Protein chains: 2
Amino acid sequence: MTNWLNPTELSSWLSLAELVVKLPAALDAQLQRDSGLSHFEYMVLARLSEAPAQSLRMSSLAAISNGSLSRLSHVVKRLEQRGWVVREPCPEDGRYTNAILTGTGREKVTAAAPGHVGAVRSLVIDRLDADQLEALRAICGRIAAGLPGSTCPE
Amino acid sequence: MTNWLNPTELSSWLSLAELVVKLPAALDAQLQRDSGLSHFEYMVLARLSEAPAQSLRMSSLAAISNGSLSRLSHVVKRLEQRGWVVREPCPEDGRYTNAILTGTGREKVTAAAPGHVGAVRSLVIDRLDADQLEALRAICGRIAAGLPGSTCPE
DNA sequence: GCCGTTTACTTGACGCTTCAACTGATCCGG
DNA sequence: CCGGATCAGTTGAAGCGTCAAGTAAACGGC
């Protein structure tokens, strides 16, 4: 006996399903067009640029970038080939690898940031009022908390 | 002069960014594990099962499945190989192709549906109250309306 | 202090999506 | 009608993500 979605629930769900497909595509398109970066690549560079010493362990970087370690490893290899990141083993514990943003990498993400933030603003933030923005934060937090990989399993 | 996100805006955005990455992954994982289907494949089969005569034009099916025509073409080819869909050119206008759900395809999607709906419920719907559900619908609709490919350009 | 286990990360192969180029079918101006 | 333009869909190649297997360093029990 399946508990199917009623029309109200279905409508909300279909709206969300459309969003999770199309919003990432739109943001990727802007970054790709204007900076030649995928959203994930941008995220990696941006997180590094915010980190102390422009440097983070691969596993921490993977976590805050919402990606798997394997995915990050492939992406960092490509970013390294483009000269935006370097990798070096952690001196204290050889199991860890630190990803470090280079000077050129910093320039790259600095140049890409305004366009990306502009897209986030025009596609999301500026289309919602203050109440909606707060509701969105609460809703996303609530759903994310129940997802596998959350630090809050309840 | 970039208009950066303030802490409130940033917090909402990061929550949403996490959601659009992790929610599809979680739904895909359930479908893949329990039915051997991707979310997009499920969507295609589900939309066909709701259509009159279990049949839709490729381009209409692509639109309501939130995918490109090219992606759909590849996926329908695979679904056809698995015996769940057949394709035939439209008799009236040879440019159109109709995708039609087979009997086995109907059984497949019928078997997969309860598990998928259960996942949507437990991960999304049942975690929100009625107000949040309605707010979510409004927010997603508002954002989606501004995305490329929307029927409502404003 | 040695060996098995665990941790952190890398790698290669496979599958899926995208993009651009292509095929066919229909429309339309003259 | 005939030829170019447009429309619907397909295809192949290239790139990215995932998974499973592998490597290398550090821990931990004895």
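Per residue of A:112-122, what is the mean number of Cβ atoms on other protein chains within 10 angstrom of that residue's Cβ? Kindly include the intermediate steps, with their values, before the conclusion.
Values: counts 0, 2, 4, 1, 1, 7, 2, 0, 6, 6, 1.
Across the residues of A:112-122, the mean count of other-chain Cβ atoms within 10 Å is 3.
In the stretch B:127-142, which residues give up 20 Å² or more of accessible area once the other protein chains are added, compared with their chain alone (1.4 Å probe)?
Relative to the lone chain, where solvent access is computed with a 1.4 Å probe, the stretch B:127-142 loses at least 20 Å² at B:127, B:128, B:132, B:133, B:136, B:137, B:139, B:140, B:142.
List the distances, in nm to one decimal, from the label point of residue B:96 to the label points of the same position in every other copy, shortest first, placing each label point 7 Å from Cα along the Cα-to-Cβ direction.
List, nearest first: 6.2 nm.
Give a quick list of chymotrypsin sites (Phe, Trp or Tyr not before Pro) in the stretch A:3-55 that DSSP marks as loop, anything other than H, G, I, E or B, with at most 11 other Cβ atoms within 10 Å. If you can, show how the numbers build up before the last one.
Numbers: sites: A:4, A:13, A:40, A:42; in loops: A:4.
For chymotrypsin sites (Phe, Trp or Tyr not before Pro) across the stretch A:3-55 that sit outside H, G, I, E and B with at most 11 neighbouring Cβ atoms in 10 Å, the list reads A:4.
Using only alpha carbon positions, build the gyration tensor of the stretch B:26-113, then give the equivalent ellipsoid semi-axes as the square roots of 5 times its eigenvalues, largest first, whole angstrom. Could the numbers behind the result be given before it?
Values: eigenvalues 93, 37, 23 Å².
Equivalent ellipsoid semi-axes, largest first: 22, 14, 11 Å.
How many percent of all Cα-Cα pairs in chain A sit more than 21 Å apart?
Details: 6668 of 11781 pairs.
In whole percent, the long-distance tail amounts to 57.
Where the centroid of each part is defined by its Cα atoms, how far is the stretch B:51-68 from the stretch A:1-67 in Å?
If you average the Cα positions of each part, the centres end up 26 Å apart.
Rounded to the nearest 0.05, what FRET efficiency do residue A:59 and residue B:77 have when you use their Cβ-Cβ distance and R0 = 41 Å?
Working: r = 39 Å, r/R0 = 0.94.
Using R0 = 41 Å, I get an efficiency of 0.60.
Rank these by accessible area, largest first, 1.4 Å probe: A:50, A:92, A:134.
Largest accessible area first, the list is A:92, A:50, A:134.
With each run of n ≥ 4 DSSP H residues scored as -39500 (n - 2.57), what mean residue ellipticity at 222 nm is computed for chain A after dividing by its residue count and rounding to the nearest 500 deg cm²/dmol? Spell out each step's value before the answer.
Values: 6 runs with 98 residues, N = 154.
So the helix-based figure for chain A works out to -21000 deg cm²/dmol.
Find the accessible area per residue for the protein assembly as shown; the probe is 1.4 Å, ligands and nucleic acids are left out, and the unit is Å².
Numbers: 15320 Å² over 308 residues.
Accessible surface, normalised per residue, equals 50 Å².
Can you give the local net charge around residue A:42? Use residues other than it whose beta-carbon is closer than 10 angstrom to its beta-carbon, Lys and Arg +1, Asp and Glu -1. Don't jump to the answer; show the numbers that get you there.
On the way: positive: A:47, A:108; negative: A:28, A:41.
Within the 10 Å Cβ shell, the charges total 0.
With the Cα gyration tensor of the protein assembly as shown in hand, convert its eigenvalues to equivalent ellipsoid semi-axes via √(5λ) and list them largest first in whole Å.
Working through the eigenvalues yields semi-axes of 36, 23, 21 Å.
Compute, for the stretch A:33-123, the length of the dipole vector about the Cα centre, with Cβ point charges of +1 (Lys, Arg) and -1 (Asp, Glu) only. Units Debye, rounded to 20.
Working: 12 positive and 8 negative charges, 52 e Å.
For this selection, approximately 240 debye.
Suppose accessible area is computed on protein heavy atoms with a 1.4 Å probe; arrange B:121, A:78 from highest to lowest. Numbers along the way, then the final one.
Working: B:121 25, A:78 115 Å².
Accessible-area ranking of B:121, A:78, largest first: A:78, B:121.
Determine the residues within the stretch B:36-77 where the difference in accessible area between the chain on its own and the full set of protein chains amounts to at least 50 Å²; count protein heavy atoms only and use a 1.4 Å probe.
Correct list: B:66.
Using a 1.4 Å probe on the protein heavy atoms, what percent of the accessible area of the protein assembly as shown belongs to carbon and sulfur?
Numbers: 8280 of 15320 Å².
Result for the protein assembly as shown: 54 percent of the exposed heavy-atom area is carbon or sulfur.
If I take every Cα pair under 8 Å that is 6 or more residues apart in the stretch B:8-132, average their sequence separation and divide by the length, what percent do I get for the relative contact order?
Taking the mean separation of contacting Cα pairs over the length of the stretch B:8-132, I get 24 percent.
Using only protein heavy atoms and a 1.4 Å probe, how much accessible area in total is buried between B and A, to the nearest 100 Å²? Provide the component values of the computation, followed by the final result.
Details: alone 10250 and 10260 Å², together 15320 Å².
Interface between B and A: roughly 5200 Å².
Taking a probe of 1.4 angstrom, what is the accessible area of residue A:74 in Å², to the nearest 10?
For residue A:74, solvent-accessible area is about 100 Å².
Round to the nearest 0.05 the FRET efficiency obtained for residue A:138 and residue B:88 when R0 = 45 Å and r is the Cβ-Cβ distance. All intermediate terms of the calculation are to be shown ahead of the outcome.
Numbers: r = 48 Å, r/R0 = 1.07.
After rounding, the FRET efficiency stands at 0.40.
The values are calculated or read from the model by the stated rules, or taken from the named source; none is laboratory data. In this text the structure is predicted, and so the values were computed from the model without any measurement. Here Cβ is always computed from backbone atoms with ideal geometry, including for glycine, and neighbour counts include all displayed protein chains. Note: areas computed on protein heavy atoms with side chains; ligands, DNA, RNA excluded. Shrake-Rupley method; radii C 1.70, N 1.55, O 1.52, S 1.80 Å.
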